[in-house]
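Everything on this sheet refers to the single structure shown next.
The numbers here are math on the coordinates, done by the rules we state, and not lab data. No experiment lies behind these values; they were computed from the predicted model shown. Using ideal geometry, Cβ is built from the backbone for each residue, glycine included, and neighbour counts are taken over all protein chains shown.
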Number of protein chains: 2
Amino acid sequence: MDKQQLQDCHERIKPFIHNTPVLTSRLLDGIASAQLFFKCENFQRMGAFKMRGAANAILQLPEDARKKGVVTHSSGNFAQALSLAAQSLGVPAFIVMPSSAPKVKKEAVKGYGGEVIECEPTLEARELASEKIRQEKGATFLHPSNDNEVILGQGTACKELLEEYPNLDAVFAPVGGGGLIAGTALSAHYFGKDCKVYGGEPFEVDDAYRSLISGKIETNNTINTIADGLKTQLGDKNFPIIQKHVEQIIRVTEEEIVQAMKLLWERLKIVCEPSCAVAFAAVLKEKEQFANQKVGIIISGGNVDLGNLPF
Amino acid sequence: MDKQQLQDCHERIKPFIHNTPVLTSRLLDGIASAQLFFKCENFQRMGAFKMRGAANAILQLPEDARKKGVVTHSSGNFAQALSLAAQSLGVPAFIVMPSSAPKVKKEAVKGYGGEVIECEPTLEARELASEKIRQEKGATFLHPSNDNEVILGQGTACKELLEEYPNLDAVFAPVGGGGLIAGTALSAHYFGKDCKVYGGEPFEVDDAYRSLISGKIETNNTINTIADGLKTQLGDKNFPIIQKHVEQIIRVTEEEIVQAMKLLWERLKIVCEPSCAVAFAAVLKEKEQFANQKVGIIISGGNVDLGNLPF
């Protein structure tokens, strides 16, 4: 994927997304011994960067495919993003969700106009249900992270950040399915000035860290992390981009994630997900490495259950 | 106080404050049936609008008075604001706090370079302790809300809001000691286009509402509200401004405050104080009155105890 594709993607999705604000804090700069620039995708439409990739993926479909709709399986932010992006474009959205998913998440999808199809809470059942919708409705399956159009869309957050602060030395993003970090790495490569990209990943689900070492896509045997957006694994579309353009993946403990999340809430005064705190915790963990540098951090989203906070 | 004074004040304090962002939300617009513009003073330095008034009050002191320092009694945001503003200007700050004040608040004041003087938790003891500092150190006493320079400073938040959105029909602010609502009313009067100002006040501490009816400054017999920033009463400097320039004070229940606060956290993705929610709850309470209008809301601050949330 080249520079022009990223530029075209950004222009294409602009009417459907916010150019989110970048926040700074002298106090957090002091703690990190660096200049930090927080790109607040928690303020994005539906509350997360996923809106960008979803909008681009739908906009790239031909007219007849749009009419038949889109389908995905997700119980997270991509489910809501695809529903809202589809609604904005008059496209039907079918969202396969495990029956065990919280009611509030199902309601959110419905609130954005998505049609929820429930299935058993196994990967096999989800894939089967999606395939059934694809065949019956002729809907196009869109993957939340392993899709070139989705990757391009997610990359526009870092592009906007670099348009506002062109001289960043580094940008951090959390690593889950790999769409955000891959898109971020592409944008830093094409629009940064020697701007390096780092991933933050919980020790508990360090599949991307291990994948970079082994050279093949690794999986997680357990997923005991508070960062529920990061439990997924990389895919064949985003892994090569990550291998080529991501400098390093820094792993953090669950305690470091909670502490970083508390700092973001208390000091930056924003409601953000544990996944965001993973990227910030990674900066703090290796702060000697980034001393006095200008460091961007992608705050990925803000959809949290206020009744179930870790502090 | 005239337009020129507000303009001069704003220029004076600009190097010491943030021009805070204004957030919007289609979802909250839908709930309110109006176009809402949230002026986010929770992102202000030290986390509240109080920084504006504190900075202006110190900047207006003559050089010899600055050397001797400033003193106030407060356990809330003004204590931190005065400490940080004083520190930024190389001025000593003496903060009288009740011994019963939470340790975290005392630490915050010290963190901003303020000197904490503890006293018994009565108004008499606080005034006595302040007076002692005034005499011993020659420090100037600054009142958190009943001070013309403080009122001008607080008014600059609404001035910035109207610079960004000149056509607001109404601006809402919470009513506590009266400094913010008085400053807001002055800015709306001088810089708005027929922009009316409304106050939000908890039923539990509706002294300002009653003061406007009786024509004299009323007090509260009980202060059972979650909006801990609004327990204070009006003063002789801000009351005449409020009488002249505030359209109406709208009272809300504790339940309405908590519900509005939850909406702000969940939908606007910001950490903000119950006091902010009072202003927003007032808009929702009388939403027929503001249907389809452009309504500004001053989000006063974001210093909350995350371990003690009402939801």
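Across peptide A:206-215, the mean count of Cβ atoms from other chains lying within 10 Å of each residue's own Cβ comes to 0.
What shape does region A:202-311 have by the C-alpha gyration tensor, where a ≥ b ≥ c are the square roots of the eigenvalues, rounded means a/c under 1.5, and otherwise prolate means a/b greater than b/c and oblate the rest? It comes out oblate by the Cα gyration axes.
Taking the Cα centre of region B:51-141 as origin, work out the dipole magnitude from +1 charges on Lys and Arg Cβ and -1 charges on Asp and Glu Cβ, in debye rounded to 20.
240 debye
From the alpha carbon centroid of region A:120-142 to that of region B:227-250 is 59 Å. Think of each Lys and Arg Cβ as +1 and each Asp and Glu Cβ as -1; about the Cα centre, that makes the dipole of the protein assembly as shown roughly 720 debye.
The smallest convex shape that holds all Cα atoms of the protein assembly as shown, its convex hull, gives 151 Å³ per residue.
Projecting the Cα atoms of B:Gln248, B:Thr24, B:Gln7 onto the charge dipole of the protein assembly as shown, computed from C-beta unit charges around the Cα centre, puts B:Gln7 farthest toward the positive end. With viscosity 1.306 mPa s and temperature 10 °C, the Kirkwood radius over alpha carbon pairs of region B:1-77 converts through Stokes-Einstein to a diffusion coefficient of 106 µm²/s.
Using only the Cα atoms, work out Rg/Rh for chain A, with Rh taken as the Kirkwood radius, to two decimals.
0.95
Mind putting together the pair-distance distribution for region B:51-141? All Cα pairs, 10 Å bins, whole percent per bin, short to long. Histogram of Cα-Cα distances, whole percents per bin: 20, 54, 25, 1.
For chain B, the relative contact order is 21 percent, taking Cα pairs closer than 8 Å that sit 6 or more residues apart in sequence and dividing their mean separation by the residue count. Between this copy and the others, label points of A:Glu131 are 8.5 nm apart in ascending order, each placed 7 angstrom from Cα in the Cβ direction. Summary of the geometry: region B:40-104 and region A:26-44, compared by the centres of their Cα atoms, lie 24 Å apart. Each other copy places its own label point for B:Gly111 at 3.2 nm from this one, sorted shortest first, where the point lies 7 Å along the Cα-to-beta carbon line.
Here the Kirkwood formula puts the hydrodynamic radius of region A:177-259 at 13.0 Å, using every distinct Cα pair. Beyond 23 Å in Cα-Cα separation lie the following of the pairs A:Lys68/A:Lys132; A:Lys193/A:Lys287; A:Lys3/A:Lys244; A:Lys50/A:Lys287; A:Lys269/B:Lys196: A:Lys50/A:Lys287; A:Lys269/B:Lys196.
For peptide A:262-273, the mean count of partner chain Cβ atoms within 10 Å of a residue's Cβ comes to 5.
Exposure proxy ranking for B:Phe311, A:Phe37, A:Phe280, based on other Cβ atoms within 10 angstrom of each Cβ and starting from the fewest, stands as B:Phe311, A:Phe37, A:Phe280.
Inter-copy label distances at B:Gly307, using a point 7 Å along Cα-to-Cβ, come to 2.4 nm with the shortest given first. Contact order, relative form, for region A:51-141: 32 percent (alpha carbon pairs under 8 Å, 6 or more residues apart, mean separation divided by residue count). Summary value for region B:89-166: 23 percent relative contact order, contacts being C-alpha pairs under 8 angstrom separated by 6+ residues. In chain B, the DSSP-assigned H stretches of four residues or longer account for a calculated mean residue ellipticity at 222 nm of -13000 deg cm²/dmol, using -39500 (n - 2.57) per stretch and the full residue count as denominator. Annotation: the residues B:Phe191, B:Phe94, B:Phe141, sorted from fewest to most other C-beta atoms within 10 Å of their own C-beta, follow the order B:Phe141, B:Phe191, B:Phe94.
Counting only Cβ charges, +1 for Lys and Arg and -1 for Asp and Glu, the dipole size of chain B around its Cα centre is about 600 debye.
Would you mind ranking A:Glu204, B:Glu131, A:Glu41, B:Glu11 by Cβ crowding within 10 Å, fewest neighbours first?
Details: A:Glu204 19, B:Glu131 14, A:Glu41 32, B:Glu11 10.
Ascending number of Cβ neighbours within 10 Å: B:Glu11, B:Glu131, A:Glu204, A:Glu41.
When the charge dipole of region B:115-161 is built from unit charges on Cβ atoms (+1 for Lys and Arg, -1 for Asp and Glu) and taken about the Cα centre, the candidate among B:Thr140, B:Ala125, B:Cys158 whose Cα reaches farthest toward its positive end is B:Cys158.
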